[in-house]
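Comments concern the structure below.
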Amino acid sequence: MIIVKNIQFSCNIKTAGSLKEFNFRKLQNTTEPIYQIDVSDERGNRHFFSMQLDGSDWKIRGALVAHWIVTAEPLLHEAIEQQEIQIG
């Protein structure tokens, strides 16, 4: 029997002048590492997008996302990198 860990975490990141809680979930059944991320805006609307490892950087992949999410991409990369170090 193979046991696959479910990896989920949340972190607060300041973007567009306010603190937002980003929720991360790592997909396990993919050939390349992918994190699905969701965050809510000031109006309570949920924004869903994915980040994929591109070389040595985690990049937002294939989705049209709000500008305030794109500006947070380096901080999202750091959060994922820290998590990846912890899980080894």
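The values are calculated or read from the model by the stated rules, or taken from the named source; none is laboratory data. No experiment lies behind these values; they were computed from the predicted model shown. Backbone-built Cβ (ideal geometry, glycine too); neighbour counts: all protein chains shown.
Step by step: first the residues of the stretch 69-88, then only those that are surrounded by 15 or more Cβ atoms within 10 Å (Cβ to Cβ) and modelled with pLDDT under 95, then the one that is farthest from Glu21 (Cα to Cα). Which residue is that?
Glu84
Can you find, within the stretch 1-14, the residue that is modelled with the lowest pLDDT among those that are part of a loop (DSSP other than H, G, I, E, B) and not β-branched (Val, Ile, Thr)? Give the derivation first.
So in the stretch 1-14, the residues part of a loop (DSSP other than H, G, I, E, B) come out as 1-7.
From the residues that got through so far, the ones that are not β-branched (Val, Ile, Thr) too are 1, 5-6.
Values: Met1: 71, Lys5: 75, Asn6: 82.
This residue is Met1.
Looking at the stretch 58-68, which of its residues are modelled with pLDDT under 95, over 17 Å from Ser40 (Cα atoms) and not basic (Lys, Arg)?
Gly62
Filtering the stretch 34-88 down to residues that are in contact with a helix residue (DSSP H, G or I) (Cβ under 9 Å, 6 or more places away or on another chain) and touching a residue at least 40 places away in the same chain (Cβ under 8 Å), which residue is nearest to Gln8 (Cα to Cα)?
Looking at residues that are in contact with a helix residue (DSSP H, G or I) (Cβ under 9 Å, 6 or more places away or on another chain) and touching a residue at least 40 places away in the same chain (Cβ under 8 Å), I get Tyr35.
Tell me which residues, restricted to the stretch 15-56, are exposed (fewer than 13 other Cβ atoms within 10 Å of the Cβ) and not in a strand (DSSP E or B).
Of all residues in the stretch 15-56, those exposed (fewer than 13 other Cβ atoms within 10 Å of the Cβ) come to 17-19, 21, 28-32, 42-46, 48, 54-56.
Correct list: Gly17, Gln28, Asn29, Thr30, Thr31, Glu32, Glu42, Arg43, Gly44, Asn45, Gly55, Ser56.
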